[in-house]
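Asker: Dropping the structure in here first, questions after.
Please treat every number below as a calculation from the coordinates, not as lab data. A quick note: this is a predicted structure, and the numbers were derived from the prediction, not measured. All Cβ positions, glycine included, derive from the backbone under ideal geometry; neighbour counts span all protein chains shown.
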Amino acid sequence: MAFSVLGLVLVLVNIAVGGLLLWLSAKIMKVKSDWTTPYMIALIVGVVGYVLGFIPMGGILAFVVSIPLGIWLVKTKYKLEWGKAILVWLIWFVLGLIVGMIIAAIVAAVFVGSMVASGASLLG
């Protein structure tokens, strides 16, 4: 992966949204959380994933490394047992998937809508 401004912006947005979703996950599991802890965890996981993305096969490596890293950070920063830390991480992960799908659907709808509005053919 080559460096790009768009890639950096997407990582920053991902960190911001990820921090909010982790805060929400902690609240769902009734874990006391301030505003800084989830953003710090999301920042660390996001930066590690971004840096690993620069090496060959880095996307897969970033995904594989981010799972145990995220769980460990949730466990240590929130001072939780392994089971509860895994549940908080799992809720964070699922919420991230849901938000990602919603954002993808919105982007796709805007794209298709702009294509239709401009009179372009979607089939070629």
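Asker: Angle between the Cα long axis of helix 36-52 and the longest principal axis of the chain, 0 to 90 degrees, nearest 10?
Answerer: On a 0 to 90 degree scale, this one is about 60.
Asker: Using +1 on the beta carbon of Lys and Arg, -1 on that of Asp and Glu, and nothing else charged, what's the dipole of region 5-118 about the Cα centre, debye to 20?
Answerer: Dipole size: approximately 400 debye.
Asker: Please work out which option in [x] 56, 34, 22; [y] 56, 30, 25; [z] 99, 44, 24 gives Cα extents along the principal axes in Å calculated from these coordinates, and answer with its label.
Answerer: Computed from the coordinates, Cα extents along the principal axes in Å corresponds to [x].
Asker: Sum -39500 (n - 2.57) across every DSSP H segment of at least 4 residues in the chain, then divide by the residue count to get the 222 nm mean residue ellipticity, nearest 500.
Answerer: Counting only the DSSP helices, I get -28500 deg cm²/dmol.
Asker: Can you list the HN-Hα couplings for region 107-119, worked out from phi with the Karplus curve (6.51, -1.76, 1.60; θ = phi - 60°), rounded to whole Hz and with x for Gly and Pro?
Answerer: 4, 5, 5, 5, 4, 5, x, 5, 5, 5, 5, 7, x
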